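Report on the following structure.
The values are calculated or read from the model by the stated rules, or taken from the named source; none is laboratory data. Note that the coordinates shown come from a computational prediction; the quantities given were computed from them, not determined experimentally. All Cβ positions, glycine included, derive from the backbone under ideal geometry; neighbour counts span all protein chains shown. All accessible areas refer to the heavy atoms of the entire protein, side chains included, with ligands and DNA or RNA removed. Shrake-Rupley method; radii C 1.70, N 1.55, O 1.52, S 1.80 Å.
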Amino acid sequence: MEDKLLLSIMQKNARIKMRDLAAVLDEPRENVIDKVTELEDKKVICGYHTVINWDKTNTDIVTALIEIKATPEREFGYDRIASRIYKFEEVETMYLLAGRYDFALIIRGHTMQQVAHLVASKLAPISGVTETVTTFVLKNYKNSGIVMVEDEDGKNDRLVVTP
């Protein structure tokens, strides 16, 4: 069984039943269950998530992209700085970058002020952080491969994904 195919199918539909996954992979159900368990144990599969269109709820959610420049530490590089940052509850996603900035963060908060406070009082003072740039998300068009809006004709004409 090819891990990449199994992972690709599960990434598109984490709720797929094991019997259906086994049928698509043409493998015995028990083998698929063992492989998924092995991939979970190895932290290849790190979790199962639901993509939510918060714009269609009555929940106040503010999403921001924070870019950070930092000075790497001798013997640790960027890892200790990253560790201090990704532990904040508001940090949903964090990447080390090659380019103009060293880190990119996706932050979720309830208000713009809450996000601004996080940047000003928690991120900017971290030793090694030399610059931050905050960009607020105004509209979510696509998230995790899922189109979140209707097209001009009132439809959401997504291509059907098959393994």
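Tabulated values for the structure
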quantity	calculated
Alpha-carbon centroids, region 63-126 and region 25-47: separation in whole Å	33 Å
Sequence ranges 32-38, 96-102, ranked by mean other-Cβ count within 10 angstrom, highest first	32-38, 96-102
Whether region 24-163 is rounded, prolate or oblate, judged on the alpha carbon gyration tensor where a/c under 1.5 counts as rounded	oblate
30 Å Cα-Cα threshold exceeded, pairs from K12/K56; K42/K69; K12/K87	K42/K69
Segment T93-K69, length gained on full extension (0.36 nm per residue, minus Cα span)	7.0 nm
Total formal charge among the other residues, if their Cβ is under 13 angstrom from that of E67, Lys/Arg +1 and Asp/Glu -1	0
Solvent-accessible area, 1.4 Å probe, carbon plus sulfur percent, for the chain	50 percent
Residue-count net charge about I33 - beta-carbon cut-off 13 Å; Lys, Arg +1, Asp, Glu -1	-3
Taking region 16-124 and dividing mean pair separation by its residue count, relative contact order in percent (alpha carbons under 8 Å, at least six apart)	23 percent
Gained length - D20 relative to M112, 0.36 nm times residue gap less alpha-carbon distance	28.8 nm
Most to least packed among 2-11, 44-53 [average Cβ atoms within 10 Å]	2-11, 44-53
Most mobile of F88, F76, F103 in a GNM of the chain (Cα contacts under 10 Å)	F76
